[in-house]
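I have placed the structure first, in the form of structure tokens, so that the comments after it can refer back to it.
Here, each number is a calculation from the coordinates, and none is a lab measurement. Because the structure is predicted, anything quoted here is derived from the model rather than measured. Glycine also receives a Cβ, built like all others from the backbone with ideal geometry; neighbour counts cover every protein chain displayed.
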Amino acid sequence: MKDTMYWPQGYSAGGIRSGLYKDRKNKKDTALFFSHRPAQATAVFTKNTVKAAPVLISHKRLASHGVIRAVLMNSGCANACTGEKGRQDAEQCSRWAAQGLHISASSVLLASTGVIGTNLPMNLLKTGIKKLAAGVRNPHATGSQGPVEAAQAIMTTDTMHKIASLETVIGGSRVTFWGCAKGAGMIHPKMATMLSVILTDAEASAPFMKQCLARAAEQTFNKVSVDGETSTNDTVFLLANGTAGNARITSARSPGAQDFSRSILEICRRLARLVAVDGEGASKLIWIFVEGARSSEDADRFAEAVAVSPLVKTAVGGADANWGRIMGALGKTQIPFDPARVEIRLGDIPVCQRGVEIPFKTQAIKTVLARKQVTIQILMNQGKAWSHYQTCDFTGKYVDINAGYRS
């Protein structure tokens, strides 16, 4: 699959190595996205009580400024739990980027990922950011590889860069949507632990974009869990610079609003799937579907309980049809339900009916569970609500990664 099928008009991007990784000599670690004209912007941020300096600064800038011109991101250091120095360092990084791009520092959004509790290496970032900004300011300098290099620069334990793009027609204008994300560990709502930037050349108002992104994140990024952990830095940015020339979309009733909303949802859906597939140490993607719950909230909690269960995840990893672990995870929620009504299917094979095991062929189940994508379907038979989650299996590699990498 090509990394960048479509790239929106009026943007440049790039990623370089500033030197934040001492043990990974070729690792890019600094990314910059630049809109050549003022862009409307919005974001969703981590729900963690502990928030990193770039999260706090970006939240404030989005609330107080009408337009955004750039997004500066780094991996290798989260700049979280770093106090007043961390805030000052983050603001200085935005000033360096702004100087190189000839824009206001207040129009630069920030995001960081990496080790918590350590300070940014400002001497390295100063050189890297200035060099990066000089290149990104020229729309032809970074070329087709610029967006790919930016996506690579925000990776930490990711095994692949994650990019999604699409084109559609809104109000007679051809509009492009592009997004990238990082995320492999510490993945759990709300939000899934990740950084993401979504860019479009559509014309839309920030309040409308905020509604679209919140809904999309709830249905995608907030339905992904790798290990039940959340981060201090989770951020998804959405920028729209209007270069495509469609009539401005200001509400759900505006012409093109549904197309815009569906496109954001689709980009988020693709990126969320890539995050789940790339879970640390994972060998399989797991889809969990819960049907027949009494309420959407109950369905969400049932699906989440199964998704975060280490016992379920290791069973799938070992191709073990131990469906009792799924039933136990459902009960752990303490939501009232009748176990005697529950049905469970692994792939398309029923293994539990009316709360008890039904005969199944062990080898057939092993074949299903050995696939790269495994589906668990849970029928509660208590009501009409449903939900879904994406997760991955647990393997010994997850322990190896997190025992040997200070993240």
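So the values come out like this:
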{"quantity": "The stretch 286-296 - phi-based ³J(HN,Hα) in whole Hz, Karplus 6.51/-1.76/1.60, Gly and Pro as x", "calculated": "10, 9, 10, 10, 10, 10, x, 7, 6, 8, 4"}
{"quantity": "Net charge of Cβ neighbours under 15 Å - reference Gly328; Lys, Arg +1; Asp, Glu -1", "calculated": "+1"}
{"quantity": "Cβ-derived FRET efficiency at R0 51 Å, Ser296 paired with Lys130, nearest 0.05", "calculated": "0.55"}
{"quantity": "Amide hydrogen neighbours beyond the local backbone of Lys162, cut-off 5 Å, H modeled", "calculated": "Ala181"}
{"quantity": "Relative exposure of Leu20, Leu124, Leu32, judged by other C-beta atoms within 10 Å (fewest first)", "calculated": "Leu124, Leu20, Leu32"}
{"quantity": "Point-to-point label distance, Ser205-Lys361, nm (Cα→Cβ direction, 7 Å offset)", "calculated": "6.0"}
{"quantity": "Backbone HN-Hα couplings from phi across the stretch 42-53 [Karplus 6.51/-1.76/1.60, Hz, Gly and Pro as x]", "calculated": "8, 6, 10, 10, 3, 9, 4, 4, 8, 10, 6, 4"}
{"quantity": "Around Lys28: net Lys/Arg minus Asp/Glu count, Cβ-Cβ under 13 Å", "calculated": "+3"}
{"quantity": "Antiparallel %, DSSP beta bridges [both residues in the stretch 285-404], to 5", "calculated": "70"}
{"quantity": "Antiparallel DSSP beta bridges within the chain, percent to nearest 5", "calculated": "70"}
{"quantity": "Gaussian network model of the chain, Cα within-10 Å springs - most flexible of Gln258, Gln334, Gln40", "calculated": "Gln334"}
{"quantity": "Interchain or long-range residues, amide H under 5 Å from Asn48's placed H", "calculated": "Met191"}
{"quantity": "Ranked list, fewest to most other Cβ atoms within 10 Å of each Cβ, for Arg69, Arg253", "calculated": "Arg253, Arg69"}
{"quantity": "The chain: most fluctuating residue of Asp348, Asp393, Asp29 per GNM, C-alpha cutoff 10 Å", "calculated": "Asp348"}
{"quantity": "Relative contact order %, the stretch 245-379, counting alpha carbon pairs below 8 Å whose residues are six or more apart", "calculated": "26"}
{"quantity": "Neighbour net charge for Gln99 - beta-carbon separation under 11 angstrom, K R +1, D E -1", "calculated": "+4"}
